[in-house]
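Visitor: Got a structure for you, written out below as structure tokens; questions coming shortly.
The values are calculated or read from the model by the stated rules, or taken from the named source; none is laboratory data. For clarity, every value in this text was computed on a predicted model and none was experimentally measured. Cβ sites come from the backbone with ideal geometry, for glycine too, and all protein chains shown count toward neighbours. To get the accessible areas, we keep the full protein, side chains included, count just its heavy atoms, and leave off ligands, DNA and RNA. Shrake-Rupley method; radii C 1.70, N 1.55, O 1.52, S 1.80 Å.
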Amino acid sequence: MKAVVMNKIGGTDVMECVDRPEPIVTPGHVVVEVAAAGVNFLDIGVRQGMAWTETPNPKVLGVEGAGRVLAVGDGVGDFAVGDRVAWVFAPGSYAERHSILADSLVRIPEAIDERTAASVMMQGLTASHFATDFYPVQKDDIALVHAAAGGVGLLLTQIIELRGGRTIGRVSSEDKVAIAKQAGAEHVIVDTEGRFADEVQRLTGGEGVNVVYDGSGPKTFQGSLDALRRSGTFWWYGSVLGGPGPLDIMSLPKSIKIGYATFFDHIHTPELFRARAQQLFRWIEDGSLKVNIGGTYLLADAARAHADMESRVTTGKLLLIP
């Protein structure tokens, strides 16, 4: 079986597509044939030594995907051989086959293909968390979405619109403006230097936005603060790009609220995971949520997928196809 491992901490050169033993079905797990594995900034963080450091190298990368059940372990009653399933946070997903805890699986509806399902596991559930749980967007709320043409940004913009909110998007280049607007952003700011707050204030008549979703690293932190209205909410995410450093809480302006919400708090039980995933699937089925797959790569080209994602030239979701 082919799988992509990292041999040590480092750049894309430490990644290698190698032969690995076939997974064995164990109690509480199922073995799946992987049809598509998602590429995430989390995977880049793992490769750079920011996570999973307790797991020895070489280790298989990847945490999400979709495929078909090949074998079912003892104690698994929800799935059968042949079922199409998607999963989230199952380390080792950059592989042709994978043994996954059944609690990490959700059945894929008949109308949705595996690539689409894989595309909304990490990023779709993250966007859902942002707009429905951590900060439940209300009608006429205005949100500033950083990286609005990325996988999370495109889905988040659509969910904000579904809830009656409005979006100002920020992107890094002119060629990303159109796709951000197609997702529903009313205005799109092109910026690479963290100088966007004045334009946000102009677009909101000097009021600022109700909420900022910022995963763009320390460079945008101050601008995001400046873009908020009084009592606004600052949602920080994206540990791979680093944090803003120590904060003096008494220096925060305009009575704002600031937080770093955690993905697992949105899906901390199997029941919640499946309910949130099924809501995403329903939105896809009725046409309310459109998934943009920005690039597909052979499993052996995983290093190139990482390089493309790090370069910030991509839009939408990147997938590996075994």
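Visitor: Suppose the chain between residue 249 and residue 286 were pulled fully straight at 0.36 nm per residue; how much longer would it get relative to their current alpha carbon spacing? Please report the intermediate quantities before stating the final value.
Guide: Working: separation 37, 0.36 × 37 = 13.32 nm, distance 4.36 nm.
In short, 9.0 nm is gained.
Visitor: Report the one residue of 245, 126, 278 whose Cα lies farthest in the direction of the positive end of the charge dipole of the chain (charges on C-beta: Lys and Arg +1, Asp and Glu -1; origin at the Cα centre).
Guide: Positive-most Cα among the choices belongs to 245.
Visitor: What nm value, rounded to one decimal, do you get for the distance between residue 74 and residue 55 when each label is placed 7 Å out toward the C-beta?
Guide: Going from the residue 74 label point to the residue 55 one covers 2.6 nm.
Visitor: For the pair residue 311 and residue 231, what calculated FRET efficiency results from E = 1/(1 + (r/R0)^6), where r is the Cβ-Cβ distance and R0 = 45 Å, to the nearest 0.05? Kindly include the intermediate steps, with their values, before the conclusion.
Guide: On the way: r = 37 Å, r/R0 = 0.83.
Plugging the Cβ-Cβ distance into 1/(1 + (r/R0)^6) gives 0.75.
Visitor: Could I ask something else about it? Give the residue list of trypsin sites (Lys or Arg not before Pro) in region 56-151 that are DSSP loop and have at most 10 other beta-carbon atoms within 10 angstrom.
Guide: Values: sites: 59, 68, 84, 97, 107, 115, 139; in loops: 139.
Within region 56-151, the qualifying trypsin sites (Lys or Arg not before Pro) (loop, at most 10 other Cβ atoms within 10 Å) are 139.
Visitor: Tell me the net charge near residue 76. Cut-off is 12 Å between Cβ atoms, residue 76 excluded, with +1 for each Lys or Arg and -1 for each Asp or Glu. Spell out each step's value before the answer.
Guide: Details: positive: none; negative: 74, 78, 83, 103.
Net charge around residue 76: -4.
Visitor: For a quick check of your reading of the filter: which GluC sites (Glu not before Pro) in region 188-228 sit in a DSSP loop and have no more than 16 other Cβ atoms within 10 Å?
Guide: Working: sites: 193, 199, 207; in loops: 193, 207.
Loop-located and lightly packed - 193, 207.
Visitor: Something else about it: State, as an integer percentage, the relative contact order of region 214-303 based on alpha-carbon contacts under 8 Å between residues 6 or more apart. Can you show the working numbers first?
Guide: Numbers: 70 pairs, mean separation 20.7, N = 90.
Relative contact order, region 214-303: 23 percent.
Visitor: Using 0.36 nm per residue of separation minus the Cα-Cα distance, give me the extension gain between residue 271 and residue 140 in nm, one decimal. Don't skip to the end; give the middle numbers.
Guide: Numbers: separation 131, 0.36 × 131 = 47.16 nm, distance 3.08 nm.
Contour length minus Cα-Cα distance gives 44.1 nm.
Visitor: Using only alpha carbon pairs under 8 Å that are at least six residues apart, calculate the relative contact order of region 9-72 and give it in whole percent.
Guide: Numbers: 61 pairs, mean separation 30.2, N = 64.
That works out to 47 percent.
Visitor: If you take every DSSP beta bridge fully contained in the chain, what fraction is antiparallel? Give it as a percent rounded to 5. Each step should come with its number before you reach the end.
Guide: Values: 30 of 56 bridges.
Roughly 55 percent of the beta bridges in the chain run antiparallel, per DSSP.
Visitor: To the nearest 20 debye, what is the magnitude of the charge dipole of the chain about its Cα centre, counting +1 on the Cβ of each Lys and Arg and -1 on the Cβ of each Asp and Glu? Can you show the working numbers first?
Guide: Values: 30 positive and 38 negative charges, 89 e Å.
Using only the charged Cβ atoms, the result is roughly 420 debye.
Visitor: Next question, about the same structure. Ignoring ligands, DNA and RNA, what percent of the accessible area of region 59-184 is carbon or sulfur (1.4 Å)?
Guide: Details: 1970 of 4250 Å².
Using a 1.4 Å probe with all protein chains present, region 59-184 comes out at 46 percent carbon and sulfur.
Visitor: Applying 1/(1 + (r/R0)^6) with R0 = 22 Å to the Cβ-Cβ distance of residue 12 and residue 263, what FRET efficiency is obtained, to the nearest 0.05? Walk me through the numbers before you get to the answer.
Guide: Details: r = 24 Å, r/R0 = 1.11.
Plugging the Cβ-Cβ distance into 1/(1 + (r/R0)^6) gives 0.35.
Visitor: Summing Lys, Arg as +1 and Asp, Glu as -1, what charge do residues with Cβ under 14 Å from the Cβ of residue 273 carry, residue 273 excluded? Intermediate results must be reported in sequence, preceding the final value.
Guide: Values: positive: 107, 274, 276; negative: 64, 78, 103, 133, 265, 271.
Net local charge, residue 273 excluded: -3.
Visitor: Quick one: which of 304-312, 72-80 comes out on top by average Cβ neighbours within 10 Å, and what's the full order, highest first?
Guide: Values: 304-312: 17.6, 72-80: 13.7.
Those peptides, ordered most packed to least, come out 304-312, 72-80.
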